[in-house]
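In what follows, a structure is listed as structure tokens, so that the remarks can point back to it.
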Amino acid sequence: EDLQFAAQAIHEADTTVAMTGAGVSTASGIPDFRGEDGLWERHDPDDFHVSRLDRDPGGFWRDRLTLHDAVYGDDIEPNAAHEALAALESTNHLDRVVTQNIDGLHAAAGSEGVVTIHGSGERAVCRDCGRRVPAEPVRERARDGELPPRCEECGGVLKPGVVLFGEPLPEHALSEAHALAERADVFLVAGSSLTVEPAASLPRTAADRGATMVLVNLERTPLSDRAEYDFRADVTDVLPRLHEAVVTG
Ligand code: OAD
Ligand code: ZN
């Protein structure tokens with residue numbers, strides 16, 4: 001079976017790198033962006049463009065809070081997909097998780113040194129002085145009517161610590177992710193539509209360097225044709241079985 005062969009490739013690899021997208025967190029209750037019933041069916045991505053923050057910071061934060069509070073309940077927890085990746089890592093079959101997600105669930109599941117190429121929802125950052133502060137108190141201030149919330153140091157407008165449309169990716173995380181893609185013998189992509197650059201260039205880079213590509217996604221992706229293994233299935237089903245097959249294989 002294909003799952004056995006993919007597991008064997010991981011078993012034999014010196015370096016296996018996983019890249020995840022919103023699809024690994026849907027089972028935790030967080031909607032994805034472009035899947036069925038995704039966020040971009042209900043919200044306009046342009047509202048979350050960095051130029052909107054500059055033009056209309058109060059409106060940006062109001063919409064951002066609406067989105068945030070609709071998406072993140074109080075008790076968001078890692079699911080079987082996050083746990084399987086953490087387990088693969090703790091049994092030394094996975095070197096690193098690179099994620100486009102900002103929800104912190106890989107770290108919560110026990111993955112170490114997660115490379116967060118789209119930033120983190122746990123911080124906010126000042127547009128003017130670059131100061132980074134915990135995000136939840138900032139959201140709380142915004143909920144209380146401080147629109148936009150401002151830096152307590154310099155008065156600059158605060159920005160969520162996530163990468164907005166129109167912003168470059170954090171240089172350090174991106175170069176780390178690229179180095180991992182170049183080193184990978186197996187590159188596993190889980191729960192991503194692979195439609196957003198430069199994230200989608202990472203599996204391409206890995207494949208160009210000869211890595212075995214394993215995709216796990218409900219839908220077809222633009223890289224499906226290049227994948228040795230293309231599992232069109234639920235990550236919470238495939239990843240635990242893959243982990244099981246790797247450790248017993
Ligand atoms: P997308 O929403 O584009 O893709 C998620 C994919 O996961 C879809 O193809 C779904 O079909 C699939 N999916 C959903 N649930 C699944 C499940 N349980 N098992 C398997 N597959 C499942 O999300 P990303 O690829 O992560 O950027 O999107 C990339 C970026 O676009 C995000 O990081 C975000 C967004 O704009 C920023 O915020 C900067
Ligand atoms: Zn500041």
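Of the residues 200, 211, which single one is within 26 Å of residue 14 (Cβ to Cβ) and either surrounded by fewer than 22 Cβ atoms within 10 Å (Cβ to Cβ) or of a type in the set (D, E, K, R) (or both)? Before you say what the answer is, go through the steps one by one.
Working: 211 fails: either surrounded by fewer than 22 Cβ atoms within 10 Å (Cβ to Cβ) or of a type in the set (D, E, K, R) (or both).
When all the criteria are applied, what remains is 200.
Of the residues 74, 14, 54, only one is surrounded by fewer than 16 Cβ atoms within 10 Å (Cβ to Cβ), among the acidic types (Asp, Glu) and within 16 Å of ligand 2 (Cβ to nearest atom); which? Show your work before the answer.
Numbers: 74 fails: within 16 Å of ligand 2 (Cβ to nearest atom); 14 fails: within 16 Å of ligand 2 (Cβ to nearest atom).
After ruling out the rest, the residue left standing is 54.
Restricting to the stretch 7-56, and then to whatever is in a helix (DSSP H, G or I), of a type in the set (Val, Ile, Thr) and closer than 22 Å to residue 217 by Cα, can you tell me which residue is farthest from ligand 1 (Cβ to nearest atom)?
Here the answer is 10.
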Determine if the stretch 147-158 includes at least one residue that is within 25 Å of the chain's Cα centre (by Cα), under 23 Å from residue 114 (Cβ atoms) and aliphatic (A, V, I, L, M). no
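Do you know which residues across the stretch 57-80 are outside any helix (DSSP H, G or I) and not polar (S, T, N, Q)?
The initial filter retains those residues of the stretch 57-80 that are outside any helix (DSSP H, G or I), namely 72-79.
Selection gives 72, 73, 74, 75, 76, 77, 78.
Since every read-out is calculated from the coordinates, none of them should be taken as a lab result. Quick caveat, the model's predicted, so the values are computed rather than measured. When we count neighbours, we look across all protein chains shown, and the Cβ atoms used for this are built from the backbone with ideal geometry, even at glycine.
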